[in-house]
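Report on one structure; see the data block that follows.
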Amino acid sequence: MRFLFFVLGVPMMIMSFFQVNETLPFVQDISLDYNGQEVVLSQEQTQQLGEQIENLFQNSITLPALSVVFADDFNQLHSDGTYITLKFGQTITVNDLPFDELMFKVDSNVYGFNCFRGNSGVFQGRCIYVDLNGKTMEEFAGFVNNLVGNNA
C-alpha cells in the first residue's frame with residue numbers, strides 16, 4: 001500500500017504546486033473546437049498545435065482566478081468561438097483545483113486567460129488563470145485561425 005502511495009500519491013501531491021505550463025508534458029490529447037464543433041486535424045497539425053501551445057504557455061504564470069463557471073453556462077459559452085482542450089490521462093491538481101481536462105478560449109488580444117477545468121467531461125467550478133507574462137495570444141491565435149480555415 002505504501003508503494004502505491006509513493007507511485008501515485010506523491011506525484012499528485014507535488015503537482016498541486018505546479019504552474020499550469022508544467023502540466024503540459026502530461027497532455028495525452030489536444031482538440032480544437034470552433035463554434036461548438038470539433039475541427040478534425042491531421043496528426044501533423046495536432047503535433048504543430050501542441051508545439052504552439054507549449055510556446056504560448058512558455059514563461060506563463062498561474063494565478064488565482066476569480067472566475068467560476070457552471071456547466072450549463074459553459075455549454076453556452078463553448079458554442080461561440082474557438083477553444084482548445086487539453087486532455088490528461090489522470091487527474092491533476094494545480095492550486096488545489098483538480099482536473100483531467102483544461103479548456104481555454106483563443107483570443108488574440110489577451111495577455112492572460114481563464115482555463116476551464118473539466119472532470120470526466122463536465123466543465124464547472126473555479127477557473128485557473130494563466131498570465132502570459134507580458135505577451136499576447138496574437139501569434140497563437142493566428143496559427144489556430146489558419147488551422148480552422150484550412151479544415152473548414
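By DSSP, what percent of the beta bridges with both residues in segment 6-152 are antiparallel, rounded to the nearest 5? Can you show the working numbers first?
Working: 33 of 33 bridges.
That works out to approximately 100 percent antiparallel.
Just the Kirkwood number for segment 2-150, please: inverse of mean 1/r across all distinct Cα pairs, in Å, one decimal.
Details: mean 1/r = 0.0634 Å⁻¹.
Its Kirkwood hydrodynamic radius stands at 15.8 Å.
For the residue pair Glu38 and Gln76, what label-to-label distance in nm results when each label sits 7 Å from Cα along the Cα-to-beta-carbon direction?
Once both label points are built, they end up 2.6 nm from each other.
Taking θ as phi - 60°, what are the ³J(HN,Hα) couplings along segment 135-142 by the Karplus curve (6.51, -1.76, 1.60), each to the nearest whole Hz, with x for Gly and Pro?
With coefficients 6.51, -1.76 and 1.60, one gets 10, 9, 8, 4, 5, 4, 4, x Hz.
Tell me, what ³J(HN,Hα) does each residue in segment 56-68 have, in order and in whole Hz, if you take phi through Karplus 6.51 cos²θ - 1.76 cosθ + 1.60 with θ = phi - 60° and put x for Gly and Pro?
Whole-Hz 3J(HN,Hα) from phi for segment 56-68: 4, 7, 4, 6, 6, 10, 8, 10, x, 9, 8, 7, 10.
Amide H of Gly81 versus every other amide H placed in the peptide plane: which residues, excluding those fewer than 5 positions away on the same chain, fall under 5 Å?
Asn35, Gly36
Around Ser108, under 9 Å between beta carbons, what's the net of Lys plus Arg minus Asp minus Glu among the other residues?
Charge balance in the 9 Å sphere: -3.
Can you tell me how much longer the chain between Glu54 and Glu139 gets when fully stretched, taken as 0.36 nm per residue apart minus their C-alpha distance, in nm with one decimal?
Numbers: separation 85, 0.36 × 85 = 30.60 nm, distance 1.27 nm.
Additional length available on full extension: 29.3 nm.
Just so you know, all these numbers are worked out from the coordinates, no wet-lab data involved. Small disclaimer: the values here were computed from a predicted structure and weren't measured. Reconstructed Cβ throughout: ideal geometry from the backbone, glycine too, with neighbour counts over all protein chains shown.
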